1. Could you list, in their original order, any pairs among 81/170; 245/371; 81/371 whose Cα atoms are separated by more than 23 Å?
2. Could you work out which residue, out of 345, 209, 34, moves most in a Gaussian network model of the chain, that is, has the largest mean-square fluctuation with Cα springs under 10 Å?
3. If the convex hull of the alpha-carbon atoms of the chain is projected onto planes in all directions, what is the mean projected area in square nanometres?
4. Report the per residue volume, in Å³, of the convex hull enclosing the C-alpha atoms of segment 67-136.
5. Rounded to the nearest 0.05, what FRET efficiency do residue 302 and residue 38 give with R0 = 56 Å and r taken as the Cβ-Cβ distance? Could you check?
6. Under 5 Å between amide hydrogens, which residues at least 5 positions from residue 255 or on another chain qualify, with H placed 1.01 Å from N in the peptide plane?
7. Connecting C-alpha atoms closer than 10 Å in a GNM of the chain, tell me which of 321, 340, 367 has the biggest fluctuation.
8. Using 0.36 nm per residue, how much length does the chain from residue 104 to residue 317 gain when fully extended, once their Cα-Cα distance is taken away?
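The values are calculated or read from the model by the stated rules, or taken from the named source; none is laboratory data. Just so we're clear, the structure is a prediction, and the values are computed from it rather than from any experiment. Ideal geometry is used to build each Cβ from the backbone, glycine not excepted, and the neighbour counts take in all protein chains shown. Accessible surface is based on the protein model in full, side chains and every heavy atom, while ligands, DNA and RNA are left aside. Shrake-Rupley method; radii C 1.70, N 1.55, O 1.52, S 1.80 Å.
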Amino acid sequence: MGEGWTLLTFRGIPLRIQPSWLFALAIFTTLFQGRYSTEITPAVPLTVSWGLGLATALMLFLSVLLHELGHAVMAVREGVKVLSITLFHLGGIARVEKECNTAMGSLRIAAAGPLVSLLLALGLLLSAVPAGGVSPLLTLLCTQLGLLNLMLGLFNLLPGLPLDGGLILKALVWQFSGSQKRGMQVAAASGRALSTLMIVLGGLLLLQGGGFNGVMLMLIGWFGLGANRSQSQMLVLHQVLRDLKVADAASRRFRVMESDQPLRRLSQLRLQDDEAKRGADWVLICRGPHWLGWVDDQPLRDLPVQQWDLQTVGDHLRPLESLPSVADSAPIWQAIKVIEASDQGRALVLSPAGLPAGTVDRMDIAEAVLKRLGVRLPPPILDEARRHNRYPMGLVMLPQIVESMAATSEPSDRERAST
């Protein structure tokens with residue numbers, strides 16, 4: 001989903017709308033206007049029914065915004081940073097930096113949105129009768145919005161992903177089983193069953209003359225299946241990132257030089273590279289079987305050419321510890337974390353003895369993940385990603401996924417190990 005238009009910021013959280021929201025606003029305004037024009041007796045002027053329709057649609061989306069703010073406020077209380085809240089044609093979504101690292105914290109975050117909707121429904125329905133003293137139209141508006149919020153709250157409590165009820169079910173299974181993965185599997189299966197049921201019921205309703213309601217129910221079910229499929233794919237990707245080891249992706253993009261080699265030899269080594277690759281490989285320095293450090297091209301830039309034969313690469317050593325590194329036995333998601341935390345765009349792979357055994361960069365990781373998933377991308381896409389050392393299309397969210405895994409997997413593992 002794109003960023004959309006930022007309307008305002010609430011407690012540091014950008015509140016945005018997608019362009020598709022305008023289309024949904026027009027559709028809902030038309031639907032509500034049609035309902036008001038037939039329900040209000042005696043008939044009101046057309047401008048009044050359209051005004052009520054627009055007001056209902058706007059306040060419905062305001063209710064959705066408050067629903068998402070409920071999630072956001074609770075997430076902040078649980079120590080989870082909220083990146084943005086975005087309204088789009090099917091509702092709203094609160095984007096968070098990472099998932100909560102406790103089951104009960106996740107449950108509270110998931111339950112906060114439906115709770116806000118149900119409280120809004122209660123308040124609006126209780127105020128409907130007193131509002132009649134001001135205007136009968138206000139009673140109708142409060143009743144309509146109250147029922148809509150009641151439906152929003154109850155619908156979101158259905159126990160299947162991607163609904164809030166699915167997240168609550170996931171948290172409960174996680175809490176009682178001790179496995180976040182198991183919680184995801186149960187909630188995803190429940191979501192598939194619910195979405196399929198909606199499609200079937202919508203089809204039956206359509207065949208019985210349900211018209212618009214049947215189509216809407218089928219569309220919601222279809223959307224649910226798509227979102228559920230995304231959740232399931234995310235679960236598979238999480239598992240791949242845990243199962244793959246750094247050694248599965250490692251390459252050997254470094255050069256080795258003896259410490260007594262002159263700087264001119266380093267210059268010649270660089271000139272042998274293609275223009276696109278020049279300076280891309282690290283140059284590691286050794287003396288016999290011992291690793292001493294590494295050297296970059298800074299001495300070649302700082303010293304006059306006449307000094308290149310007089311000084312050796314060993315005179316300009318930098319410690320190996322200054323390079324980002326990761327063990328070859330570590331899960332591959334830890335390599336992503338190390339790479340994204342440095343400005344090198346890659347990491348040195350260390351053997352069990354702590355010695356240089358290879359390197360790993362973004363495309364090495366991407367190719368290993370794609371191979372494990374059985375996915376093949378067109379060579380031009382892979383070549384372009386390799387040239388710029390970035391993740392190819394479809395895997396650009398790997399760093400964000402790893403942030404979530406780092407926040408949830410590691411603490412959970414420590415908790416299980418200590419009990």
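1. Values: 81/170 21 Å; 245/371 13 Å; 81/371 33 Å.
Over 23 Å apart, Cα to Cα: 81/371.
2. 209
3. Working: hull surface 111.6 nm².
For the chain, the mean projected area of the Cα convex hull comes to 27.9 nm².
4. Taking only Cα atoms, segment 67-136 has a hull volume of 110 Å³ per residue.
5. Numbers: r = 82 Å, r/R0 = 1.47.
Rounded to the nearest 0.05, the efficiency is 0.10.
6. 282, 283, 284
7. Looking only at 321, 340, 367, the biggest GNM fluctuation is shown by 321.
8. Values: separation 213, 0.36 × 213 = 76.68 nm, distance 5.09 nm.
Between residue 104 and residue 317, full extension yields an extra 71.6 nm.
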